[in-house]
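FYI, it's all coordinate maths here, none of it is from the lab. In this text the structure is predicted, and so the values were computed from the model without any measurement. For neighbour counting, all protein chains shown are included, and Cβ atoms are generated from backbone atoms with ideal geometry for every residue, glycine included.
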């Protein structure tokens, strides 16, 4: 009687991530699971940390394109009111700021970047907006823990929850984190919201000395936000 050989015993279980550096590019391969409860040994999506990571790496000089957010680049701003028309949203750029999306160098997940024309001790206040599919999730609390954890892992400090707000009618959860990067004290405030089956992470980064002024400019930007 012929017996069939058993299946290989060293195959990874379904859903286990491939080793670092061998992940398929976005948009390829089988659909990724939504947020919610991830299967064992599978990390939550890392896309939502890109906003924070870019700023941290820029300070450290690790990302050539993102470094333009903090210094260098074209300082000229076009006259009149400027707006950002992003993926499912638009907002008015604060006065004295400009569109610096191209400075992000096409970083994954980053949809738009705006920054102040002036710098504080070499640091330009900036707001980065990140967008990805919500994959049917509508409850912020299902994705908030992973989002906060990813931010904490990215900057090496625990983000502190702050009062939530509404962004053009959508509830948004918020966090604040302060770190020192390459001798620069950085304050970051980020909000997480969901609209039209998309997750939005909107993060302000400023020098600690300019945190109050930056907070006012951020509020102005969010007040102008509209879903499209």
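If we count other beta carbons within 10 Å of each Cβ, what is the order of 111, 119, fewest first? Before the final figure, lay out the partial values.
Details: 111 21, 119 15.
The order, fewest Cβ neighbours first, is 119, 111.
Could you list 110, 137 in order of exposure, starting from the residue whose Cβ has the fewest other Cβ atoms within 10 Å?
137, 110
Between residue 139 and residue 90, what is the spin-label point distance in nm, taking each point 7 Å from the Cα along the Cα→C-beta axis?
3.5 nm
Which whole-number percentage describes the relative contact order of region 70-195, with Cα contacts under 8 Å and a sequence gap of 6 or more?
Normalised by residue count, the contact order of region 70-195 is 15 percent.
Length gain on complete extension for the stretch residue 223 to residue 149, per 0.36 nm per residue less the alpha carbon to alpha carbon distance?
Extra length from residue 223 to residue 149 when fully extended: 23.9 nm.
Hey, can you rank 126-135, 191-200 by average C-beta count inside 10 Å, highest first?
Result, highest mean first: 126-135, 191-200.
With label points built 7 Å along Cα→Cβ from the Cα atoms of residue 157 and residue 170, find their separation and express it in nm.
Once both label points are built, they end up 2.8 nm from each other.
What is the Cα centroid distance between region 149-228 and region 103-120, reported in whole angstrom?
About 14 Å separates the Cα centre of region 149-228 from the one of region 103-120.
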